[in-house]
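Note sheet for the following structure.
The values are calculated or read from the model by the stated rules, or taken from the named source; none is laboratory data. Here the structure is a predicted model, which is why all the values come from computation and not from measurement. Cβ sites come from the backbone with ideal geometry, for glycine too, and all protein chains shown count toward neighbours.
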Amino acid sequence: MKETALTEKHILLGAKMAEFAGYNMPIVYTSIKEEHFAVRNNVGVFDVSHMGEFRIKGPNALALLQKVTSNDVASLSNNQAQYTCMPNKKGGIVDDLIIYKVNDEEYFVVVNASNIEKDWNWIASNNDVNATMVNESDTIGLLAVQGPNAAKLLQRLTSVNLSEIDFYHFRVGEIAGIKNSIISATGYTGSGGFELYVPDHKLGELWDAIFEAGKDLNILPCGLGARDTLRLEKGYCLYGNDINDETSPLEAGLGWITKLKKEGDFNSKSIFLKQKKEGLAKKLVGFKVDDRRVPRHGYKILNEKEEIIGEVTSGTQSPNLDIPIGMGYVEISYAEANQKIWIDTGRKNIEATICKIPFL
């Protein structure tokens, strides 16, 4: 397994470690519930240095990104970020990602850890405009400082006015004495906060500075277990679970990042136009379970006649709602809120109700 620059620190803090996307990552330190509520109500820190980072540069950088992503990269201003996805050529999703616009000829692209090589090869195979591509994944460290007190904490470590950084915008500046850091008002928890990109060899310094500055705020280190419960309560898709090479962004509720009217062509645009015109066969929905059992990825979803109408993609015990929740794809006729469905757990069928997402 690969390790991040903080692996030894996680182990010393007593984290339960496990393999994730080829990396030895902290899953939980104390309890998922405690870490979850730290982020929802206060501030928590995630080591997400396993993520991949590419730099796309040159006069044709925009043309390449417009071709390989579904959102409209041309709409970005300098120091603005954009959530998007890369469609393949059969209507599925290669990966979801964030694009940061540095300037007209330089973009910073952040991809999922499990897809670094796959994404790099995909972008390269579409690079018929000779844009410059640089893979910085092994040289950049990333911390996600999330929660309502994240700005209060981090402002102690930087002269950059964090209150002036709007959601999905960023600044390049100094934090904890580390120059040329990317300070980004992004994150995948739904509780606000920042993501900090620094040279990998400086990550330990940043971690220590953050925890020293946050002592009086009862800051907590958080593992990937809480990251999953946090994102699921907000209905955020996880690649490999809720979206993959076979799911359309329209089916996944990502029509808002699929700009069919943007200038120029992009992969699978004609397929998405057809789906929009003719309608979808299935749709990703959220549901609340009327039982104590947590739905798991791969469980079949049934109708009242016990006919298979879909499949669970994600499920967890919601710390905030104190009930099991999940997401899954169902036939379009069952996708309306308040409909009853049943989850086949293998031992028994448990009742659930389709609801609007986010859950919170």
From T84, T7, which residue is crowded, with 23+ Cβ neighbours inside 10 Å, in contact (Cβ under 8 Å) with a residue 12 or more places away in the chain, among the β-branched types (V, I, T) and touching a strand residue (DSSP E or B) at 6+ places or on another chain (Cβ under 7 Å)? T84
Only one residue in K288, K305 is at pLDDT 95 or above, assigned to a strand (DSSP E or B) and among the basic types (K, R). Which one? K288
Counting just the residues of the stretch 246-272 that are outside any loop (DSSP other than H, G, I, E, B) and not aromatic (F, W, Y), which one comes out surrounded by the fewest Cβ atoms within 10 Å (Cβ to Cβ)? S270
Is there a residue in the stretch 8-20 that is of a type in the set (V, I, T), within 15 Å of W207 (Cβ to Cβ) and within 20 Å of the chain's Cα centre (by Cα)? no
If only one of S159, S191 is more than 23 Å from the chain's Cα centre (by Cα), in a loop (DSSP other than H, G, I, E, B) and of a type outside the set (V, I, T), which one is it? S159
For the condition modelled with pLDDT of 95 or more and small (G, A, S), what is the one hit in G264, G315? G315
Which count do you get for residues in the stretch 21-48 that are closer than 18 Å to G141 by Cα and buried (at least 23 other Cβ atoms within 10 Å of the Cβ)? 6
Positions within the stretch 308-328 being in contact with a Ser or Thr (Cβ under 8 Å, 6 or more places away or on another chain) and not in a strand (DSSP E or B), in sequence order: P319
Is there any pair with a first residue in the stretch 334-360 that is on the phi > 0 side of the Ramachandran plot and free of Cβ contacts under 8 Å to residues at least 40 places away in the same chain and a second that is assigned to a strand (DSSP E or B) and of a type in the set (S, T, N, Q) whose Cβ atoms are under 8 Å apart and which are 6 or more apart or on different chains, and what are they? N338/T353
For the stretch 54-66, indicate whether the set of residues that are closer than 20 Å to Q146 by Cα, at pLDDT 95 or above, small (G, A, S) and not in a helix (DSSP H, G or I) is non-empty. no
What tally of residues in the stretch 136-161 results from selecting those that are under 26 Å from N71 (Cβ atoms) and surrounded by fewer than 17 Cβ atoms within 10 Å (Cβ to Cβ)? 1
How many residues does the stretch 309-332 contain that are among the polar types (S, T, N, Q) and crowded, with 22+ Cβ neighbours inside 10 Å? 2
Going through A335, A281 one at a time, which residue ends up being within 26 Å of G255 (Cα to Cα), surrounded by fewer than 16 Cβ atoms within 10 Å (Cβ to Cβ) and modelled with pLDDT of 95 or more? A281
Can you tell me which residue is farthest from I98 (Cα to Cα) among those in the stretch 175-216 that are in contact with a strand residue (DSSP E or B) (Cβ under 6 Å, 6 or more places away or on another chain) and acidic (D, E)? D200
Checking V129 against (1) in the same structural domain as Y188 (by TED's automatic domain parsing); (2) hydrophobic (A, V, I, L, M, F, W, C); (3) assigned to a loop (DSSP other than H, G, I, E, B); (4) closer than 30 Å to N267 by Cα, the condition it does not meet: (1)
Starting from the stretch 240-259, keep only residues that are closer than 13 Å to T313 by Cα, then list their pairs with residues that are among the polar types (S, T, N, Q) whose Cβ atoms are within a distance under 6 Å, requiring at least 6 positions of separation or different chains. N241/T313; N241/S314; D242/T313; D242/S314
Could you grab me the full set of residues in the stretch 141-159 that are touching a Leu at 6+ places or on another chain (Cβ under 9 Å) and either aliphatic (A, V, I, L, M) or without any contact (Cβ under 8 Å) to a residue 24 or more places away in the chain (or both)? L142, L143, A144, V145, A150, A151, L153, L154, Q155, L157
If you go through the stretch 88-126, how many residues are within 19 Å of A252 (Cβ to Cβ) and either touching a Cys at 6+ places or on another chain (Cβ under 9 Å) or not in a strand (DSSP E or B) (or both)? 16
Return yes when A124 is surrounded by fewer than 20 Cβ atoms within 10 Å (Cβ to Cβ) and under 26 Å from T189 (Cα atoms) and no when it is not. no
Does the stretch 310-331 contain at least one residue that is without any contact (Cβ under 8 Å) to a residue 12 or more places away in the chain and either in contact with a Pro (Cβ under 7 Å, 6 or more places away or on another chain) or not assigned by TED's automatic domain parsing to the domain that holds V129 (or both)? yes
